[in-house]
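All remarks here apply to the structure that follows.
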Amino acid sequence: MAEKAYKHLLFGNRVYLRRLEAADLPRTLKWINDPEIMAAIGVRGPRSAKEQELWYERIAASRDNLVFALCLITDHRHIGNLSLFAVDYIDRNAGLTIFIGEPKERQHGYGTEALQLLLEYGFTYLNLHRIYCKTNADATAAIKMYNKLGFRQEGILREHSYQFGRYVDKVMFGMLRQEYLKSISGEFSGKE
Ligand SMILES: CC(C)(COP(=O)(O)OP(=O)(O)OC[C@H]1O[C@@H](n2cnc3c(N)ncnc32)[C@H](O)[C@@H]1OP(=O)(O)O)[C@@H](O)C(=O)NCCC(=O)NCCS
């Protein structure tokens, strides 16, 4: 584990994560202004290029909001973003967001692999104790992915978010460090 963490940090079999760079912003702006992604990750848009630049300056200088570009190993194409936000170095918890911006790159297993890398980074490199997220109750792919990776469903936030003329429920998921360690040792079925 230590060898993997330090030599190949954030590299998987088909995807890798790197910090988001200024050169990624035009692509990221296009994705973030997609209404489906806005609703999924809770961004209120549309965002202008200037707002996106200011956002980037803030996160580039921050240690508690870490944004990663999800890239394919074969051709280094940047296809989506992940983040650990509100990283609390005392309580040792953080929220996560994930999206694949290019619709044709969804459903190939890239999201699952990227999230595994982010969990490894959060739990074994940053020494976090808990990682959580909230997702739309009808986000089938995201919910399958969180369940498969061993997240626990922690609750439903009823009519929590106003999206396109209606209030929708959000589902809270969380994973504790000991659950992560069990899941990677194959002991955790995800259904306990
Ligand atoms: C959520 C998301 C990141 C998942 O990434 P992905 O690469 O598409 O997902 P994967 O291919 O790894 O699949 C994960 C699981 O969801 C299933 N799945 C993927 N897309 C699906 C779809 N459209 N409908 C039903 N199931 C789907 C897969 O079959 C897989 O389950 P399985 O292993 O039981 O077969 C991606 O779909 C996405 O960006 N969606 C829009 C933004 C979003 O919802 N973000 C989450 C916010 S919390």
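Read the figures in this text as sums done on the coordinates, not as results from a lab. Note that the structure is a prediction, hence the values are computed from the model and not measured.
Considering only alpha-carbon pairs that sit under 8 angstrom and 6 or more positions apart, the relative contact order computed for segment 74-178 is 22 percent. May I ask for the distance between the Cα centers of segment 62-122 and segment 128-149, given as a whole number of Å? Each part's Cα centre sits 13 Å from the other's. By the Stokes-Einstein formula, at 1.567 mPa s and 4 °C, the chain with its Kirkwood radius over alpha-carbon pairs has D equal to 75 µm²/s.
Compute the projected area of the convex hull of the Cα atoms of segment 96-177, averaged over all viewing directions, and report it in nm² to one decimal place. Before the final figure, lay out the partial values.
Details: hull surface 23.1 nm².
The number I arrive at for segment 96-177 is 5.8 nm².
For segment 124-132, putting each phi into the Karplus relation 6.51 cos²θ - 1.76 cosθ + 1.60 with θ = phi - 60° gives couplings of 9, 9, 7, 6, 6, 9, 8, 10, 9 Hz, in residue order, rounded to whole numbers and with x for Gly and Pro. For the pair Y89 and E102, the difference between a 0.36 nm per residue extended length and the Cα-Cα distance amounts to 1.4 nm. Each stretch of four or more DSSP H residues adds -39500 (n - 2.57); spread over every residue of the chain, this sum gives -9000 deg cm²/dmol at 222 nm. What residue among I143, I37, I90 shows peak mean-square fluctuation when the chain is described by a Gaussian network model with Cα springs under 10 Å? Comparing I143, I37, I90 in a Gaussian network model of the chain, the most mobile one is I90.
When the pairs K50/K170; K50/K134; K144/K182 are compared against a 26 Å limit on Cα-Cα distance, K50/K170; K50/K134 fall above it.
Within the listed set L149, L157, L54, the Gaussian network model of the chain (springs between alpha-carbon atoms below 10 Å) gives the highest mean-square fluctuation for L54. Phi angles of segment 39-45 translate, via the Karplus equation with coefficients 6.51, -1.76, 1.60 and θ = phi - 60°, into HN-Hα couplings of 5, 5, 9, x, 9, 9, x Hz per residue; Gly and Pro are given as x. Between R19, R177, R166, the residue with the greatest mean-square fluctuation in the GNM of the chain (Cα pairs under 10 Å linked by springs) is R166.
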